[in-house]
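A.B. asks: Handing you a structure now.
The values are calculated or read from the model by the stated rules, or taken from the named source; none is laboratory data. The structure displayed is predicted, hence computed values, not measured ones. For neighbour counting, all protein chains shown are included, and Cβ atoms are generated from backbone atoms with ideal geometry for every residue, glycine included. Ligands, DNA and RNA are stripped out before the accessible areas are found, and what is left, the full protein with its side chains, is counted by its heavy atoms. Shrake-Rupley method; radii C 1.70, N 1.55, O 1.52, S 1.80 Å.
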Amino acid sequence: MINQNSFSDKIVLVTGAAAGIGEATARAFAAQGAKVVLADIDKNGELVAQDICAQDNLAVFHTCDVSDTKSVKALFAFIQDSFGHLDIAFNNAGIDIESGKLAEGSEDVFDKIMDVNVKGVWLCMQQEIRSMLKTGGGCIVNTASVAGLGAAPKMSIYAASKHAVVGLTKSAAIEYAKKGIRVNAICPAVIDTNMYRRALAGDEKKAHAIGTMHPVGRVGTVEEVVGAVLYLCSDSAGFTTGTTLPVDGGSTAI
Ligand code: NAD
């Protein structure tokens, strides 16, 4: 069970926190007593942090491009100076760009996707693990995707990036299992966020087709992803590490 104050006084980092899954998760951690650092390239994260504080919870925003080493180092220096340690990290920042069939993809798109989705997660995990080793442990959740578990036609570069997130997750989980650091990934199917709405471009027929692609007959909500992340970061998941949890309306069961 996740109690109302399960994350009291925990220091939590959420990347990609200015919108969508990251924003909803940052709000949920803060509502359960955590002190949340929201990181994003989008300065809207500042407004989200202000809104969380207006509800008597604690959050700060720090601009960070997760694909940039200097920017990531500055984020972790900020966390160290402000809070002294880090308990939980949700590495969620990510981008998707349709790349066409494999033979049609461009090097530019490949580099962009890999820089954010793979290098970004790797850079953040390095800093998080170094910090958590000093305090005897912590918990990391990475946002992969069902595209990290199977095929994603016309999105092969995105799929490769999310398979890489799964690889980073499982490897780190084993490397640090005895050091008190749990590392898991969530694998959402289509979730109703800006990312999904951009891909949809207002096409209602496409929305219907995408919804019914999921065995439950609809796309997921950010709240349904938040539940999975909070569970993996809670003491209830104390024996759970190296997993890739589908949050997918049954998609991977087919
Ligand atoms: P979103 O576009 O609503 O939010 C993504 C956030 O990441 C944005 O605030 C954006 O500014 C931020 N971001 C992008 N590049 C960044 C960078 N270089 N540094 C820091 N922040 C950066 O999308 P979302 O749907 O909430 O996606 C969150 C994560 O979930 C992504 O990793 C995405 O791949 C994954 N995901 C989404 C879906 C879906 O259907 N929405 C499905 C599976 C996985």
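A.B. asks: Roughly what angle does helix 204-213 make with the longest principal axis of the chain, taking Cα atoms, 0 to 90 degrees, to the nearest 10?
C.D. replies: So the inclination is approximately 70 degrees.
A.B. asks: Same structure again: Taking all protein chains as present, what is the carbon and sulfur share of the accessible area of segment 50-152, in % to the nearest whole number, probe 1.4 Å?
C.D. replies: Of all accessible area on segment 50-152, carbon and sulfur atoms account for 52 percent.
A.B. asks: By how many degrees, between 0 and 90 and to the nearest 10, does the Cα long axis of helix 222-233 differ from the longest principal axis of the chain?
C.D. replies: 50 degrees
A.B. asks: Note down the nm distance, to one decimal, between modelled labels 7 Å out along Cα→Cβ at Q126 and at L47.
C.D. replies: With each label point 7 Å from Cα toward Cβ, the separation is 3.4 nm.
A.B. asks: Further question on the same structure: Quick check for me: using +1 on Lys/Arg Cβ and -1 on Asp/Glu Cβ, what's the dipole size of the chain about its Cα centre, in debye to the nearest 20?
C.D. replies: Computed charge dipole of the chain: roughly 600 debye.
A.B. asks: Which of G136, G20, G211 ends up with the largest GNM mean-square fluctuation for the chain, with Cα atoms connected below 10 Å?
C.D. replies: Judging by the Gaussian network model, the answer is G136.
A.B. asks: Mean-square fluctuation check for the chain, GNM, Cα pairs under 10 Å: which of H163, H62, H208 is largest?
C.D. replies: Sorting by GNM fluctuation, first place goes to H208.
A.B. asks: Any idea what angle helix 44-54 forms with the longest principal axis of the chain, computed on alpha-carbon atoms, 0 to 90 degrees, nearest 10?
C.D. replies: The angle comes out at about 50 degrees.
A.B. asks: With a point put 7 Å past each Cα toward its Cβ, work out how far L200 is from S106 in nm, to one decimal.
C.D. replies: The modelled label-to-label distance comes out at 2.7 nm.
A.B. asks: Something else now. Determine, from the Cβ-Cβ distance of F83 and A177 and an R0 of 22 Å, the FRET efficiency 1/(1 + (r/R0)^6), rounded to the nearest 0.05.
C.D. replies: It comes to 0.30.
A.B. asks: Counting only Cα atoms, I'd like the Rg/Rh figure for the chain, Kirkwood definition for Rh.
C.D. replies: Reported Rg/Rh (Cα atoms, Kirkwood Rh): 0.95.
A.B. asks: Can you give the accessible area per residue of segment 79-173, in Å², using a 1.4 Å probe?
C.D. replies: The answer is 43 Å² per residue.
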